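Notes follow once the structure below has been shown.
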């Protein structure tokens, strides 16, 4: 082997090794128990609110940030703790995949919690199958989940956190849904909402207001966090219909989501073991969840998606994408052609170019946008341009380098799908 080939081979191996280190945890992992993330008020005074932090090993020479995940246990807001064996097993699996994981306790009904002013204005209702004390405990759980989430945000530099997802079961899933989708509709102060990257919902639902599930689910809006739903059809604790409604609403507003129905499944991890129960694809629930979390956490629209994208099959066609990662608003300028050749008339020959614009909100890896066409403009002139909606444009990311655009323009009789690839290399895209 020539000296030149040896140098190239050695350089390639070194680059590959550095890439693997940048994407993988550096052992050993570390668990820190009973961290006080906040204090919560109760009828007997303030108590410490605790979480366990699972921290992957980290090479300080590598600046890459990692997603974090907050796990919230179930128990009807009356029982349960961060020691839940299924959640701790999930935490161990997730930390081995490179995530920072926090498993939290929150105030339960037996603590006689006094929710803070942040959530105490939430309505309690009579004539529903939830006693007032349980409703107040649900308020306190949301209060504490916001505090734990904020604690992770405040520790982002210490633990190299890039974004935060939430996994909840039963009461924990209801709390996660309240956090992600309902809190903004009830004027709850949660300024770190834009850090939220996804929600995993094990047999929960949208429950505010308690007496109208059809109305409660309308709190799920376009541009909100991606959602992974698991529910058993024989659940007698939290009705299966809550997840049916979530599925319909998520589809309606263009959420990035997955929905897994467990036929004959009951309620809780005792009835549905995510490590052994399989879904339609034949993989276990846990395996599907880990794959989904990995894709959503790393491949969602973000500031690294901004810039130039091109259609490899058609020369000179592509898009410019801009977005705001707080409001989740996305704008795309689509440069393409007419379906017929142009004209040589005028100072600037050719009439085949077409420019469409699209705007709307994105959810994770998916953006469903209104598509507009602007016409009757003139070069370097101030005349009025006519802009009209002609259909919809759906963008889906497969990675930070590849995606697809599905267009539907009924008024023009056009529909189809094109592939998109990044035009320029983005150093933050790995």
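When only Cα pairs below 8 angstrom with a gap of at least 6 residues are kept, the chain shows a relative contact order of 9 percent. Largest GNM mean-square fluctuation across 381, 140, 225, computed for the chain with C-alpha springs under 10 Å, falls on 381.
Each residue in 164, 279 was given a count of other beta-carbon atoms within 10 angstrom of its own, and listing them fewest first yields 279, 164. State whether the stretch 303-422 is rounded, prolate or oblate according to the following rule on the C-alpha gyration tensor (a ≥ b ≥ c being the square roots of its eigenvalues): a/c under 1.5 gives rounded; otherwise a/b larger than b/c gives prolate, and the remaining case gives oblate. Prolate, since a/c reaches 1.5 and a/b exceeds b/c. Only beta bridges with both residues in the chain are counted; by DSSP, about 70 percent of them are antiparallel. Sorted largest first, the principal axis extents computed over the alpha-carbon atoms of the chain equal 83, 67, 42 Å.
Specify the angular offset, from 0 to 90 degrees and rounded to the nearest 10, of the alpha carbon long axis of helix 132-154 from the longest principal axis of the alpha carbons in the chain. Between helix and principal axis, roughly 50 degrees. Extension gain, residue 212-residue 112: 0.36 nm per intervening residue step, less the Cα-Cα distance, totals 33.3 nm. Going by Cα centres, the stretch 80-106 and the stretch 157-212 are how many Å apart? What the calculation gives is 17 Å, centre to centre.
Footprinting exposure proxy ranking of 44, 197, 363, 81, fewest other C-beta atoms within 10 angstrom first, gives 44, 81, 197, 363. The distance from the alpha carbon centre of the stretch 364-430 to that of the stretch 230-270 is 33 Å, rounded to a whole number.
Of interest is the spacing of the C-alpha centroids, which for the stretch 322-337 and the stretch 109-142 amounts to 40 Å. The simple Förster model, with R0 at 41 Å and r as the Cβ-Cβ distance, assigns residue 383 and residue 186 a FRET efficiency of 0.30. Look at 160, 267 and count the other Cβ atoms within 10 Å of each Cβ; fewest to most, that gives 160, 267. Rg and Dmax of the stretch 194-248, based on Cα coordinates, read 11.4, 35 Å.
Helix 85-96 axis versus longest C-alpha principal axis of the chain: approximately 40°, rounded to the nearest ten.
Apply the a/c threshold of 1.5 to the C-alpha gyration tensor of the stretch 235-297 and tell me whether it is rounded, prolate or oblate.
On the way: a/c = 2.16, a/b = 1.07, b/c = 2.03.
Oblate, since a/c reaches 1.5 and b/c is not below a/b.
Helix 3-23 and the longest principal axis of the C-alpha atoms of the chain enclose an angle of approximately 40°.
Here, each number is a calculation from the coordinates, and none is a lab measurement. Since the model is a prediction, treat every value here as computed from it, not as a measurement. For neighbour counting, all protein chains shown are included, and Cβ atoms are generated from backbone atoms with ideal geometry for every residue, glycine included.
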